[in-house]
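J.: I have a structure I would like to understand better, so I am pasting it below and will then ask my questions one at a time.
The values are calculated or read from the model by the stated rules, or taken from the named source; none is laboratory data. As the structure is a computational prediction, the values presented were derived from the model and not from experiment. Cβ placement follows ideal geometry from the backbone for every residue including glycine, while neighbour counts extend to all protein chains displayed.
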Amino acid sequence: MATKNQGDEDKGTASQRSQGDSDALRLQNTDHPGMGLVSVPLDGTNYHSWSRAVRLALGAKQKLSFIDGNSHKPAAGSNELEQWQRTDYMVISCLLNSVSKEIAEAFIYAPSARDLWVDLHDSFGESNGPLLYQIQREISSISQGDQTISVYFTRLKKFWDELACLNPLPTCSCGSSKALADMTSSSQLIQFLMGLNDAYDHVRNQILLMEPLPSIGKAYSMTLRLEKKREVHSNFPSSWPEGAMNARTWGRGRPLAARTTDRRDKNSLFCDHCKRTGHTRETCFKIPGFPEWYKGLTEQRRKGPTAQGRAFTATYEGETST
């Protein structure tokens, strides 16, 4: 019985393999010799990103076996030879349409798609040293500057992904592969935090104090939320004396839900000078000293503040937590 079951499994595997080979040889109505596979052609300097894009495109078309060596030319006289040759010619044409005109002219006489792929790799994909150096140098020089968090992170991730393609981590089942992946993730996290502007010191310190360190995706999400909050708060008065002058219009007529949300958002702020929540070092009055207008409001609150005074004082106390 075991022998019969094994034989049935072998037949099933052979049938699946035959079906896969048949699908690889089949051309679709959308396949034509003038079609390119990628939006950015190979120009001699972008081989690794180009080759990955080509492999993805051919894999989606079930034609990857024509360049990785798994699709073998049928024997002469075989019924499948003509179909295989037609499909291979189509893959060659697509590859030539995916490189620059100068490169295409140099490789147009490749006898098969596999030979063309190997020739392109030998010509443009062998030497990784200079490219590795260039990518690492770019990563070390990137900082946020005047970019948004999203743009800054996207630039870094592009180089990280390209670096992983050039220098992939080894795969094994002993646990070392996961340890190396964790080390790489921690290194990327530190690189991301190092390039942030000083305005993100608080969230940077929060992330570094986490145990274990969060993923790079989690750190990106935390900094992005802080950036969005600051964009909202930037609509408020930029200086507190000016805010005191506008307290009459700022504190009155705002919905209770909006005021509650503001206070909740401010609770995420922290001042590393006075060690209090609700504000940052930039708005801490304990550094330059409390202004006269705030002292007056505090005194007025002790005596019994007006409705307008209560509106402003409550709002400001949420900011300074004094």
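J.: Name the pairs: first residue in the stretch 123-152 and at positive phi, second residue modelled with pLDDT of 90 or more and in a helix (DSSP H, G or I), Cβ to Cβ under 9 Å, at least 6 apart or on different chains?
T.: G145/Y152
J.: List every residue pair whose Cβ atoms sit under 7 Å apart, with the two residues 6 or more apart in sequence or on different chains, where the first one lies in the stretch 201-218 and is at positive phi and the second, anywhere, is part of a loop (DSSP other than H, G, I, E, B).
T.: none
J.: Which condition breaks for T87 when tested against (1) within 30 Å of D198 (Cβ to Cβ); (2) in a helix (DSSP H, G or I); (3) modelled with pLDDT of 90 or more?
T.: That leaves (1) as the condition not met.
J.: Of (1) assigned by TED's automatic domain parsing to the domain that holds M35; (2) free of Cβ contacts under 8 Å to residues at least 60 places away in the same chain; (3) out of contact with any Phe, Trp or Tyr (no Cβ under 8 Å at 6 or more places or on another chain), I103 satisfies all except one. Which?
T.: If we test I103 against (1) assigned by TED's automatic domain parsing to the domain that holds M35; (2) free of Cβ contacts under 8 Å to residues at least 60 places away in the same chain; (3) out of contact with any Phe, Trp or Tyr (no Cβ under 8 Å at 6 or more places or on another chain), just (2) comes out false.
J.: Sticking with this one: Please state which one of L169, L131, L208 is touching a Phe, Trp or Tyr at 6+ places or on another chain (Cβ under 9 Å) and among the aliphatic types (A, V, I, L, M).
T.: Result: L131 is the single residue among L169, L131, L208 that is touching a Phe, Trp or Tyr at 6+ places or on another chain (Cβ under 9 Å) and among the aliphatic types (A, V, I, L, M).
J.: Kindly check whether there is at least one residue in the stretch 65-81 that is buried (at least 17 other Cβ atoms within 10 Å of the Cβ), touching a strand residue (DSSP E or B) at 6+ places or on another chain (Cβ under 7 Å) and not hydrophobic (A, V, I, L, M, F, W, C).
T.: Scanning the stretch 65-81, I find no residue that is buried (at least 17 other Cβ atoms within 10 Å of the Cβ), touching a strand residue (DSSP E or B) at 6+ places or on another chain (Cβ under 7 Å) and not hydrophobic (A, V, I, L, M, F, W, C), so the answer is no.
J.: Take the stretch 50-73 and flag every residue that is of a type outside the set (K, R), over 17 Å from D31 (Cβ atoms) and under 26 Å from the mean Cα position of the chain (by Cα).
T.: Of everything in the stretch 50-73, those that are of a type outside the set (K, R), over 17 Å from D31 (Cβ atoms) and under 26 Å from the mean Cα position of the chain (by Cα) turn out to be W50, S51, A53.
J.: Still on this structure: Among S173, S187, which is loosely packed, with under 14 Cβ neighbours inside 10 Å, out of contact with any Leu (no Cβ under 6 Å at 6 or more places or on another chain) and not in a loop (DSSP other than H, G, I, E, B)?
T.: S187
J.: Sticking with this one: So Y109 ticks every box in (1) part of a loop (DSSP other than H, G, I, E, B); (2) within 30 Å of E162 (Cα to Cα); (3) modelled with pLDDT of 90 or more but one. Which box is left unticked?
T.: Single failed check for Y109: (2).
J.: Within the stretch 130-152, identify whether any single residue is under 16 Å from H48 (Cβ atoms) and part of a loop (DSSP other than H, G, I, E, B), and answer yes or no.
T.: Residues of the stretch 130-152 that are under 16 Å from H48 (Cβ atoms), as a first pass: 130-136, 138-139.
Subsequent filtering for residues that are part of a loop (DSSP other than H, G, I, E, B) retains none.
Within the stretch 130-152 (the criterion being under 16 Å from H48 (Cβ atoms) and part of a loop (DSSP other than H, G, I, E, B)), the answer is no, since none of the residues qualifies.
J.: Suppose we filter the stretch 59-84 for residues that are in a loop (DSSP other than H, G, I, E, B) and either acidic (D, E) or in contact (Cβ under 8 Å) with a residue 60 or more places away in the chain (or both); how many remain?
T.: 1
J.: Quick one: would you say W50 is touching a Pro at 6+ places or on another chain (Cβ under 8 Å), without any contact (Cβ under 8 Å) to a residue 60 or more places away in the chain and within 30 Å of T184 (Cβ to Cβ)? Spell out how you get there, then give the answer.
T.: Working: touching a Pro at 6+ places or on another chain (Cβ under 8 Å): yes; without any contact (Cβ under 8 Å) to a residue 60 or more places away in the chain: yes; within 30 Å of T184 (Cβ to Cβ): yes.
Criteria met by W50.
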